[in-house]
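Enquirer: Take a look at the following structure, please.
The values are calculated or read from the model by the stated rules, or taken from the named source; none is laboratory data. Treat the numbers as computed from the prediction; the structure is a model and nothing was measured. Backbone-built Cβ (ideal geometry, glycine too); neighbour counts: all protein chains shown. Surface accessibility is based on the protein's heavy atoms, side chains included, excluding ligands, DNA and RNA. Shrake-Rupley method; radii C 1.70, N 1.55, O 1.52, S 1.80 Å.
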Amino acid sequence: MSDPSALDLSLLRRTYARAALGESDVADDPIAQFAAWFAEAQHAQVPEPNGMTLATATPDGRPSARVVLLKSVDARGFVFFCDYRSRKGQELDANARAALAFWWEPLERQVRVEGRVERASREESAAYFATRPRGSRLGAWTSRQSSVLPDRAALERELAAVEQRFAGVDDVPLPDHWGGFRVVPDAIEFWQGRPDRLHDRIRYRLTSGGWTLDRLSP
Ligand SMILES: Cc1cc2nc3c(=O)[nH]c(=O)nc-3n(C[C@H](O)[C@H](O)[C@H](O)COP(=O)(O)O)c2cc1C
């Protein structure tokens, strides 16, 4: 008897044919190339173009992945924010390496980033925290991210206690347990979908002489 919950997706396929990516199309600097593609993703109205899959791993090599939001990028790297006590925070404290993947479906583009990870400075995290709506700032005090809760009500009780604690306080401060991580890239790949699965892949790798470009087989 066939499994009623099994999905056979073997015929679910799309042809990617929007564009091509050549060695001469890309910038010398991968961050400049990322900025150019990000602007095109925004222009194409990709929903939440700064959503990225973040992969981390325990020191013994058990991987985990989740979506987070890119909040800044420059020559120093790619920054996101979270609770340092979370699963990803603990994994990054023990094994400070990560990978990121963006999928911009309307453009048939993927960007992959790999590198070591460092914490953002407290000043940088405080500056970002101050831009968050009050509810999100209170949420950072309320949630111990990735811990097990008995039920939703426990979270709401904690929120009520936090609301009371900060009643009348305009500048809800940055919690010690919360802040940014920066992925400092040593490899960045730009992927453009092409027909017949013969996609274009251009990878930048950091070498002693700077960024080196390679075309990878699809
Ligand atoms: C679109 C989207 C954006 C998210 N952005 C963040 C984020 O910026 N920071 C964060 O800590 N979690 C974010 N999350 C939640 C994470 O996916 C995840 O549930 C949470 O960080 C706990 O992960 P962990 O237990 O592996 O640490 C986001 C989820 C989605 C779907």
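Enquirer: Can you confirm whether the range 172-188 contains a residue that is surrounded by fewer than 16 Cβ atoms within 10 Å (Cβ to Cβ), more than 22 Å from the chain's Cα centre (by Cα) and over 30 Å from Arg112 (Cβ atoms)?
Expert: Yes, because at least one residue in the range 172-188 is surrounded by fewer than 16 Cβ atoms within 10 Å (Cβ to Cβ), more than 22 Å from the chain's Cα centre (by Cα) and over 30 Å from Arg112 (Cβ atoms).
Enquirer: A further question follows. Filter the range 119-141 down to the residues that are open to solvent by 70 Å² or more (accessible area, probe 1.4 Å) and in contact (Cβ under 8 Å) with a residue 40 or more places away in the chain, then identify the one that is nearest to Ser86 (Cα to Cα).
Expert: Filtering first and then ranking leaves Arg119.
Enquirer: Are any residues in the range 96-110 open to solvent by less than 40 Å² (accessible area, probe 1.4 Å) and over 21 Å from Pro47 (Cβ atoms), and if so, which ones?
Expert: Ala98, Ala99, listed by residue number.
Enquirer: Being modelled with pLDDT of 95 or more, under 18 Å from Arg137 (Cα atoms) and touching a helix residue (DSSP H, G or I) at 6+ places or on another chain (Cβ under 9 Å): is that true of Ala161 here? Lay out the reasoning, then the answer.
Expert: Details: modelled with pLDDT of 95 or more: yes; under 18 Å from Arg137 (Cα atoms): yes; touching a helix residue (DSSP H, G or I) at 6+ places or on another chain (Cβ under 9 Å): yes.
Yes: the conditions hold for Ala161.
Enquirer: Suppose the filter is farther than 30 Å from Ala20 by Cβ and either of a type in the set (D, E, K, R) or in contact (Cβ under 8 Å) with a residue 24 or more places away in the chain (or both); does Asp171 pass it?
Expert: Values: farther than 30 Å from Ala20 by Cβ: yes; either of a type in the set (D, E, K, R) or in contact (Cβ under 8 Å) with a residue 24 or more places away in the chain (or both): yes.
So Asp171 fits the description; yes.
Enquirer: Starting from the range 25-51, take each residue that is at negative phi and list its partners that are open to solvent by less than 40 Å² (accessible area, probe 1.4 Å) and assigned to a loop (DSSP other than H, G, I, E, B), counting only C-beta distances under 6 angstrom and pairs at least six apart or across chains.
Expert: Between residues of the range 25-51 that are at negative phi and residues that are open to solvent by less than 40 Å² (accessible area, probe 1.4 Å) and assigned to a loop (DSSP other than H, G, I, E, B), the close pairs are Gln33/Val26; Gln33/Ala27; Ala41/Pro49; Gln42/Pro49; Asn50/Leu70.
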